[in-house]
Amino acid sequence: MADETPENQETDEATEAAKAAAADAAKALEAIQAEAAIELPADDIEAAVPVPETATRAAATPTQAAEPEDAGRANRRKVREGIVVSDAMTSTVVVAVVDRVRHPKYGKTVQRTKKLYVHDAEDTAKVGDRVRVQETRPLSKLKRWRLTEVVERAR
């Protein structure tokens with residue numbers, strides 16, 4: 001290196017600065033990895049990583065984990081709320097469910113009423129009650145719904 005011009009000195013200094021920055025970054029990375037490798041006590045792990053309640057129950061009782069649970073499964077059955085319009089049949093009520101839909105052409109909100117035949121095993125629902133019903137397997141020719149709860153009694 002016989003010619004030590006100012007341009008060569010600047011490039012050498014820039015190279016040295018880049019090497020020093022790379023070394024600092026490598027040291028910082030090693031420090032972070034060492035910090036992450038420290039084992040936490042069991043209490044801290046549970047606090048740091050939230051575990052779903054169903055997973056903890058399944059781990060606690062492995063025999064019950066094989067059996068399907070209603071709460072663990074995704075419930076894809078439809079739920080509707082309506083007014084009981086008839087309770088003349090045995091263990092069956094007729095529920096009128098009102099759906100508000102927008103008219104496809106005119107955009108006005110229209111009420112559509114659908115009568116559902118609902119299985120009511122204890123005959124608890126009476127005419128005028130507001131009830132919640134859930135879709136179920138076919139129970140008879142027309143019954144495809146079952147009563148889940150009486151939301152509000154008729155006055």
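Selection within the range 85-111: residues that are basic (K, R) and part of a strand (DSSP E or B). The member of this set that is surrounded by the most Cβ atoms within 10 Å (Cβ to Cβ) is R102.
Using the structure shown, decide if E16 is over 23 Å from the mean Cα position of the chain (by Cα) and at pLDDT 55 or above. Considered against the rule, which asks whether it is over 23 Å from the mean Cα position of the chain (by Cα) and at pLDDT 55 or above, E16 comes out as yes.
So which residues in the range 112-141 are surrounded by 10 or more Cβ atoms within 10 Å (Cβ to Cβ), of a type outside the set (G, A, S) and under 15 Å from A88 (Cα atoms)? Within the range 112-141, K115, L116, Y117, V118, H119, D120, D123, T124, K126, V127, D129 meet the criteria. Filter the range 53-84 for residues that are assigned to a loop (DSSP other than H, G, I, E, B) and basic (K, R); which is modelled with the lowest pLDDT? Among them, the one singled out is R73.
Out of the range 136-155, which residues are of a type in the set (A, V, I, L, M, F, W, C) and farther than 15 Å from V79 by Cα? L139, L142, A154 - these are the residues of the range 136-155 that are of a type in the set (A, V, I, L, M, F, W, C) and farther than 15 Å from V79 by Cα.
The values are calculated or read from the model by the stated rules, or taken from the named source; none is laboratory data. Quick caveat, the model's predicted, so the values are computed rather than measured. Neighbour counts run over all protein chains shown; Cβ positions are idealised from the backbone, glycine included.
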